[in-house]
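The values are calculated or read from the model by the stated rules, or taken from the named source; none is laboratory data. Since we're looking at a predicted model, the values are computed, not measured. Cβ placement follows ideal geometry from the backbone for every residue including glycine, while neighbour counts extend to all protein chains displayed.
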């Protein structure tokens with residue numbers, strides 16, 4: 001009888017424990033670790049108890065407490081909760097897995113490429129920011145969900161994409177200093193990997209400024225003291241990169257640049273800047289004309305065999321040009337200027353579901369397909385550069401990392417390798433492969449959903465419609481083969497695909513540069529040898 005009472009809590013005891021926090025948190029956690037079920041409590045008290053185990057357990061570095069919170073949360077039925085409580089549950093689970101993962105990293109497991117807790121954390125934060133739940137969350141938990149998901153992306157190496165989440169948190173609350181500080185750490189990480197000295201200075205200056213603002217959190221109290229101290233440590237690291245302190249604001253005073261010779265070209269380049277689609281790291285800092293150039297390259301390559309240098313450069317040129325082509329097709333498809341002349345006198349039958357059949361619509365589809373196809377070509381580059389030894393006919397982006405096709409054991413070249421952007425590429429590939437990371441209607445559009453859309457466009461039948469249409473009952477003039485999608489929604493997903501491909505190319509360039517920097521400096525042939533920029537006449 002006594003054991004049963006110990007394994008459960010009453011509402012009165014929850015109130016008593018609440019009064020003891022935070023001063024007696026270790027004693028409270030010791031009591032909560034005995035709890036085997038919270039089913040007898042109200043949903044609010046259930047989430048309160050789970051939150052205490054997760055948050056205070058992390059404060060005292062108790063893996064047992066965090067795991068106990070996870071076990072209690074997993075016993076709950078999300079379908080029995082309303083949207084707000086369901087979002088809160090997923091936020092707490094995301095935080096729990098993330099906290100437990102951080103404890104493992106502190107114990108020397110930072111460079112484990114595979115981490116189940118990390119996958120669970122990403123999945124639950126994505127669930128928390130589903131369209132039907134995120135706005136039901138308390139504002140503070142909204143901001144934290146976006147911030148924490150950005151933190152996870154950054155720590156696994158997807159720091160380019162992480163800015164989407166920090167930016168969203170700051171759009172919702174510009175004075176949410178934890179997001180400001182994490183974005184500062186993100187700029188620091190980005191800058192440390194950028195081999196262009198001018199761009200690096202800009203990124204590090206942004207890091208310094210963001211971290212300076214984030215120290216205001218000490219006055220507001222949104223973060224614990226150790227988090228503010230972390231922001232200060234990163235700012236100290238950032239200042240060591242500059243000759244004079246504080247770094248001059250002139251670093252962010254960009255000179256005027258020309259956007260092109262025609263109104264059409266200028267409109268195209270502004271659109272690319274607005275969507276952050278230039279292969280230029282400055283485009284993650286600003287949408288000013290200075291970033292309207294595709295300057296990303298592989299850096300200095302060296303190898304005893306010049307054929308390897310030429311092959312890497314040739315494939316990189318191909319990747320860049322296909323990306324640029326996909327980007328322009330997407331722009332054209334999303335900016336129809338009246339009916340296209342190629343569609344004149346083309347007979348189309350009205351199927352009464354507001355179909356869109358046009359050159360512009362097909363340009364959107366081709367852009368998405370072309371962007372997606374770059375992933376497997378990136379895999380070809382990885383296979384060649386890292387000498388994986390896989391047959392070129394048997395290489396794909398989702399399985400180049402493994403010893404065998406459709407395998408699960410990482411190749412020796414990658415397991416534990418201390419190359420953050422390369423690990424970012426691996427985790428991006430997991431998004432394209434792993435159904436468990438896909439969350440319907442999440443504001444974080446996972447790669448698996450884009451993969452299925454691409455497969456539909458490539459191999460099946462995707463019908464664009466003028467706007468979202470309600471499905472008719474079976475037998476009432478339904479199109480039984482079509483995957484229907486409103487044109488605007490498809491365009492949004494195509495932009496997302498291009499942005500993921502852009503991020504992948506940045507990770508690839510950075511990972512190669514990191515490997516090149518680690519090579520011993522010997523008399524090896526090095527790019528650029530006698531190469532120069534490819535002139536426009538040859539392009």
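Some observations on this one:
- Answer residue from segment 391-411, given it is in a loop (DSSP other than H, G, I, E, B) and at pLDDT below 90 and is farthest from residue 448 (Cα to Cα) among those: 391
- All positions within segment 169-186 that are in a helix (DSSP H, G or I) and in contact (Cβ under 8 Å) with a residue 40 or more places away in the chain: 177, 178, 181, 184, 185
- In a residue-by-residue description of segment 242-259, the property of being in a loop (DSSP other than H, G, I, E, B) and under 15 Å from residue 189 (Cα atoms) applies to no position.
- Against the criterion of being assigned to a helix (DSSP H, G or I), in contact with a strand residue (DSSP E or B) (Cβ under 8 Å, 6 or more places away or on another chain) and buried (at least 17 other Cβ atoms within 10 Å of the Cβ), residue 86 does not qualify.
- Long-range neighbours under 6 Å by Cβ, at least six apart or interchain, first residue free of Cβ contacts under 8 Å to residues at least 40 places away in the same chain within segment 316-339, second part of a helix (DSSP H, G or I) and surrounded by 14 or more Cβ atoms within 10 Å (Cβ to Cβ): 332/363; 336/360
- For residue 295, the conditions (1) assigned to a loop (DSSP other than H, G, I, E, B); (2) farther than 18 Å from residue 278 by Cβ all hold with the exception of (2).
- Test set (1) part of a loop (DSSP other than H, G, I, E, B); (2) closer than 29 Å to residue 336 by Cα - residue 300 fails condition number: (2)
- Check on residue 217, modelled with pLDDT of 90 or more, outside the structural domain of residue 280 (by TED's automatic domain parsing) and within 13 Å of residue 178 (Cβ to Cβ): yes
- Residue match in segment 171-194 (condition: buried (at least 23 other Cβ atoms within 10 Å of the Cβ), farther than 28 Å from residue 419 by Cα and touching a helix residue (DSSP H, G or I) at 6+ places or on another chain (Cβ under 7 Å)): yes
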